[in-house]
Amino acid sequence: MSEEKFRKIHYAIVLSIMVLFLISITSINLMASNTSAQASSNPSAGQVIYTLYLPNDTLFQGNVAIKHSSVFYIFNDSINNYLYVPTIITYNNSNLGEIYVINPSTNKVVTTIKVGYDTSPVLLVYCDPSNHNLYVPTGNSVVVINSSTNQVIANITVGKCPSYIVSDPLSNYVYVSYKYSKEISVINPSTNQVIANISVGNFPYYILNDPLNHYLYVATVSVPCYDGFVVVINPSTNQVIANISVGKCPDDIFSDPINHYLYVTDLRSGQISVINPSTNQVIANISVGKYPSYIFSDPINHYLYVLNSGNQDTLSSGQISVINPSTNQVIANISVGGLHYFPIYYDSLNHYLYVTADSTSCFIVAINTLTNKVVANITIGKSASYIFSDPINHYLYVTGYSSNEVYVINPSTNQVIANISVAYNPDEIFYDPINHYLYVLDSGSSSISIISTPSVTSTTTTTTTTSSNIILYLLIVVIIAVIVGVALIFIRRK
């Protein structure tokens with residue numbers, strides 16, 4: 001074979017190899033882009049399959065957004081598994097309080113319960129553990145609903161604007177506090193009658209039933225917040241047995257499961273008051289950040305994480321104070337930035353804490369409780385209002401109140417993997433353990449967005465299969481290149 005002919009064959013083969021190489025690279029990129037697209041759409045992250053419009057009990061396919069009067073709250077009865085959603089509608093120039101009752105097995109409204117006119121927004125439905133009746137605070141009464149029949153069985157006249165309800169597990173009495181009344185009403189659930197009104201001095205805000213001595217600890221505040229007290233009530237006698245002075249505006253009371261001390265967040269004092277319930281005395285005052293409002297106990301290290309919500313003047317003032325309850329000392333202050341309005345969410349798999357932060361943008365802060373360090377700032381849309389973890393796929397679902405979306409976060413990577421469009425102003429999320437759907441309360445639409453969340457197995461399998469195809473394609477290219485090279489050598493020798 002002549003040298004000229006050999007060179008032509010050589011150039012043709014080299015050109016063929018280059019074209020084959022370019023085709024392979026293009027194919028690999030296409031495969032990679034397909035994998036990326038699958039991850040971004042990520043059907044295993046969930047999608048809205050139904051929208052239940054509550055006012056006329058219409059079940060739409062997919063996501064449907066209709067502006068309507070607000071719904072405020074979603075409550076699940078653990079006995080009948082029904083969902084109870086209160087709302088306020090205008091009827092004959094008056095406000096009518098109603099509760100929609102939803103059966104998750106059919107995703108339909110089974111009945112609507114009227115709870116009275118000229119009521120304030122119903123933000124609480126309390127289930128009494130002794131008789132399983134539902135107690136609903138309205139304008140100046142407590143409406144009692146039989147959850148078996150979903151009928152109103154009593155309307156108990158109480159003080160103005162009842163705001164909080166708790167029951168005593170020993171006496172089974174129900175205790176009601178008010179926004180604008182300096183007393184606690186005691187209801188006997190056997191008769192649904194008020195049997196006592198206990199004066200507590202200031203305006204009651206929060207009630208805790210101590211699991212050991214069974215006393216009731218009532219956080220009370222003055223208006224304005226010049227002082228604060230925790231009033232102790234003995235439910236056996238319904239008498240005040242102690243009045244404990246704490247910081248300004250006590251907001252939350254937390255009972256530590258290990259040392260059994262009570263930790264009171266003093267909102268305007270920037271401190272935590274520690275009460276020994278055996279003596280009903282303050283044994284420590286722990287300085288923390290601005291506006292402490294919520295306490296979470298880590299189940300692994302048993303440290304207390306105090307959410308200091310910050311204020312409007314300094315958007316970057318938010319932080320988490322970490323307290324060792326063995327010493328009642330602050331061992332770390334974790335700067336997380338922004339304003340914080342919502343509770344701390346704990347992920348039981350990676351043991352991270354997730355906190356919403358709102359400044360110039362909204363983001364979720366992930367904290368590693370082993371190091372008490374921020375490990376991620378996950379940027380999302382506007383005004384996150386609720387965080388929920390799906391027990392099947394373990395993704396975090398965050399409702400974006402202003403963006404009308406549910407953001408899906410993979411806690412393994414702390415990345416947003418999907419945005420699910422829902423109706424107006426999504427707020428709370430309820431998970432049904434039977435059908436495994438997520439029920440998102442669309443507070444600005446009077447609707448429920450129902451999200452299906454299958455497992456993540458299909459996505460993982462697709463990605464693995466795509467990776468296997470890429471490897472196989474590269475292997476074929478290498479084999480062809482080797483064969484062509486050997487053929488070239490053989491031709492030249494011949």
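The values are calculated or read from the model by the stated rules, or taken from the named source; none is laboratory data. Not measured: the values here are computed from a predicted model. Here the Cβ is made from the backbone with ideal geometry for all residues, glycine too, and neighbour counts use every protein chain on show.
Right, residue 420: closer than 20 Å to residue 337 by Cβ and in contact (Cβ under 8 Å) with a residue 24 or more places away in the chain or not? The answer is no for residue 420. Among the residues of the stretch 148-167, just one is surrounded by 17 or more Cβ atoms within 10 Å (Cβ to Cβ), modelled with pLDDT of 95 or more and not hydrophobic (A, V, I, L, M, F, W, C), namely 150. Taking the criterion of being small (Gly, Ala, Ser), over 17 Å from residue 103 (Cα atoms) and part of a loop (DSSP other than H, G, I, E, B), the residues of the stretch 126-164 that qualify are 130, 139, 159.
Quick check on my filter: what residues within the stretch 245-263 are surrounded by fewer than 20 Cβ atoms within 10 Å (Cβ to Cβ) and within 15 Å of residue 282 (Cα to Cα)?
Within the stretch 245-263, 245, 248, 254, 255, 256, 259, 260, 261 meet the criteria.
Quick one: how many residues across the stretch 278-292 are within 14 Å of residue 219 (Cβ to Cβ) and surrounded by 19 or more Cβ atoms within 10 Å (Cβ to Cβ)? Total satisfying the criteria: 1.
Scanning the stretch 57-106 for residues that are of a type in the set (Phe, Trp, Tyr) and in contact with a Leu (Cβ under 9 Å, 6 or more places away or on another chain) returns 60, 72, 73, 75, 84, 100. Within the stretch 168-189, the set of residues being of a type in the set (Gly, Ala, Ser) and modelled with pLDDT of 95 or more comprises just one member, 185.
Against the condition touching a residue at least 60 places away in the same chain (Cβ under 8 Å) and either surrounded by 19 or more Cβ atoms within 10 Å (Cβ to Cβ) or within 26 Å of residue 434 (Cα to Cα) (or both), how does residue 355 come out, does it pass? Here the answer is no, as residue 355 does not meet what is asked. Restricted to the stretch 371-409, and to residues that are among the hydrophobic types (A, V, I, L, M, F, W, C) and part of a loop (DSSP other than H, G, I, E, B), which residue is nearest to residue 63 (Cα to Cα)? That would be 380.
Working only within the stretch 41-95, note down all residues that are at positive phi, among the small types (Gly, Ala, Ser) and surrounded by fewer than 18 Cβ atoms within 10 Å (Cβ to Cβ). Show your work before the answer.
Our first condition is that a residue be at positive phi; within the stretch 41-95, this holds for 42, 46, 57, 62, 81, 92-93.
If we keep only those that are among the small types (Gly, Ala, Ser) as well, we get 46, 62.
Of everything in the stretch 41-95, just one residue is at positive phi, among the small types (Gly, Ala, Ser) and surrounded by fewer than 18 Cβ atoms within 10 Å (Cβ to Cβ), namely 62.
Filtering the stretch 357-370 to residues that are at pLDDT 90 or above and part of a loop (DSSP other than H, G, I, E, B) leaves 369, 370.
The set of residues from the stretch 410-436 being closer than 30 Å to residue 80 by Cβ and either touching a helix residue (DSSP H, G or I) at 6+ places or on another chain (Cβ under 6 Å) or assigned to a loop (DSSP other than H, G, I, E, B) (or both) comprises 422, 423, 424, 425, 432, 433, 434, 435, 436.
Quick check on this structure: which one of 272, 286, 253 is free of Cβ contacts under 8 Å to residues at least 60 places away in the same chain, more than 16 Å from residue 206 (Cβ to Cβ) and in a strand (DSSP E or B)?
Numbers: 272 fails: more than 16 Å from residue 206 (Cβ to Cβ); 253 fails: more than 16 Å from residue 206 (Cβ to Cβ).
So the residue among 272, 286, 253 that is free of Cβ contacts under 8 Å to residues at least 60 places away in the same chain, more than 16 Å from residue 206 (Cβ to Cβ) and in a strand (DSSP E or B) is 286.
Could you list, in sequence order, all residues of the stretch 250-290 that are of a type in the set (A, V, I, L, M) and under 23 Å from the mean Cα position of the chain (by Cα)? Please lay out each step first, then the result.
As a first pass, look at the stretch 250-290 and keep what is of a type in the set (A, V, I, L, M): 253, 258, 262, 264, 267, 272, 274-275, 282-284, 286, 288.
Hits for the stretch 250-290 are 253, 264, 267.
Taking the criterion of being more than 13 Å from residue 164 (Cβ to Cβ), hydroxyl-bearing (Ser, Thr, Tyr) and not in a strand (DSSP E or B), the residues of the stretch 181-229 that qualify are 190, 191, 215, 222, 226.
Among the residues of the stretch 78-101, how many are among the small types (Gly, Ala, Ser) and farther than 17 Å from residue 428 by Cβ? Quick ask: steps written out before the conclusion?
Residues of the stretch 78-101 among the small types (Gly, Ala, Ser): 78, 94, 97.
Among the residues that remain, those that are also farther than 17 Å from residue 428 by Cβ are: 94, 97.
Looking only at that region, the number is 2.
Taking the stretch 46-119 as the region of interest, the strands (runs of 3 or more DSSP E) fully inside it that hold 1 or more residues being within 23 Å of the chain's Cα centre (by Cα) and modelled with pLDDT of 95 or more are 47-53, 83-91, 94-103.
Looking at the stretch 264-316, which of its residues are among the charged types (D, E, K, R) and at pLDDT 95 or above? Walk me through how you get there before you give the answer.
Initial filter on the stretch 264-316 (among the charged types (D, E, K, R)): 266, 268, 290, 298, 313.
Residue satisfying the conditions is 298 alone.
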